[in-house]
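All remarks here apply to the structure that follows.
The values are calculated or read from the model by the stated rules, or taken from the named source; none is laboratory data. Fair warning: this is a prediction, and the values are worked out from it, not measured in the lab. Note that each Cβ is placed from the backbone with ideal geometry, even for glycine, and that neighbours are counted across all protein chains shown.
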């Protein structure tokens, strides 16, 4: 259970796997990370501790629970997504028997899932101290360091995890994300390819590979990776947006617009295409796309109008005449 949950988290939390990799894109949200606001989470923890701490250590008959029973109770709470109480039970299990490494692993994964990276790091470091050859401990340490922006520490831990478990595609993916953060895109691509050699149809890794190619300037290779991800049947708005961006960079505007439409509604899709074109220097076509977005929805959100004003200012600065309001430019949106 925890391995699968962590596996999903490690993919979707990818720091570069954004819904859109250019500024001002619309109709998308930040990628789901499985994380909740930490202030809110800790308030819930404190509240539930005060309400449940007296009974969390007892079974239905009022008897003190064993470490085994606490672990089982924590597992049940995880299934019901009662994460604070699950954490309490795992913590009590470890207090009763600190050698229960399986529980420590579960607690570390729970902390990762909830974004408590310092707490997770402590659990995985404790696990590594007890078993220096635990690949999952090194992977957990690497993940926690990655999320704390400690790239070199993350690289060291993840490299060790891969040495200990060469078939661990999750560690390869995390290592790729680490390299991305250091703008070491060629190494990131190598890491993602290693992950895909172990799990060829994982859409999250294919998306990450596409982003690394795009950031490295190879948009054709990026398109190929994104299309492979779409072919798995697990396409998401972020993936369609990334594919649309790559198509636009190769001048395949109709396909770009089609991809954006699969990620969001039509006005937002035109706005997103306009943003890409504006960033590429195609100001006149970008202006037209922003106008088209507003034409499709006169009550369109403020961002499209802001983008249109930006495009017109750029045309004015370049000595060109912006189009009249609400009239498509002669060079129309693709």
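Output the residues belonging to the range 139-151 that are surrounded by fewer than 24 Cβ atoms within 10 Å (Cβ to Cβ) and either touching a helix residue (DSSP H, G or I) at 6+ places or on another chain (Cβ under 7 Å) or within 18 Å of residue 186 (Cβ to Cβ) (or both).
Scanning the range 139-151 gives 145, 147, 148, 151.
For the range 238-255, enumerate the residues that are under 17 Å from residue 218 (Cβ atoms) and touching a residue at least 40 places away in the same chain (Cβ under 8 Å).
Of everything in the range 238-255, those that are under 17 Å from residue 218 (Cβ atoms) and touching a residue at least 40 places away in the same chain (Cβ under 8 Å) turn out to be 242, 245.
So which of 286, 311, 259 is under 27 Å from residue 218 (Cα atoms), at pLDDT 95 or above and buried (at least 21 other Cβ atoms within 10 Å of the Cβ)?
Matching residue, one of 286, 311, 259: 259.
Can you name every residue in the range 170-187 that is in contact with a helix residue (DSSP H, G or I) (Cβ under 6 Å, 6 or more places away or on another chain) and closer than 22 Å to residue 117 by Cβ?
170, 171, 172, 173, 174, 175, 176, 178, 179, 180, 181, 182
Does residue 53 satisfy the criteria of being on the phi < 0 side of the Ramachandran plot, surrounded by fewer than 19 Cβ atoms within 10 Å (Cβ to Cβ) and at pLDDT 95 or above?
Answer is no for this residue.
Can you find a residue that is more than 26 Å from residue 199 (Cα to Cα), without any contact (Cβ under 8 Å) to a residue 12 or more places away in the chain and surrounded by fewer than 16 Cβ atoms within 10 Å (Cβ to Cβ) anywhere in the range 97-120?
There is at least one residue in the range 97-120 that is more than 26 Å from residue 199 (Cα to Cα), without any contact (Cβ under 8 Å) to a residue 12 or more places away in the chain and surrounded by fewer than 16 Cβ atoms within 10 Å (Cβ to Cβ).
If I filter the range 210-230 for residues that are surrounded by fewer than 17 Cβ atoms within 10 Å (Cβ to Cβ), in a helix (DSSP H, G or I), in contact with a helix residue (DSSP H, G or I) (Cβ under 8 Å, 6 or more places away or on another chain) and modelled with pLDDT under 95, do I get at least one hit?
no
Just a yes or no: is a residue in the range 65-85 in contact with a helix residue (DSSP H, G or I) (Cβ under 8 Å, 6 or more places away or on another chain), within 26 Å of residue 180 (Cα to Cα) and at pLDDT 95 or above?
Looking for residues that are in contact with a helix residue (DSSP H, G or I) (Cβ under 8 Å, 6 or more places away or on another chain), within 26 Å of residue 180 (Cα to Cα) and at pLDDT 95 or above, one finds none in the range 65-85, hence no.
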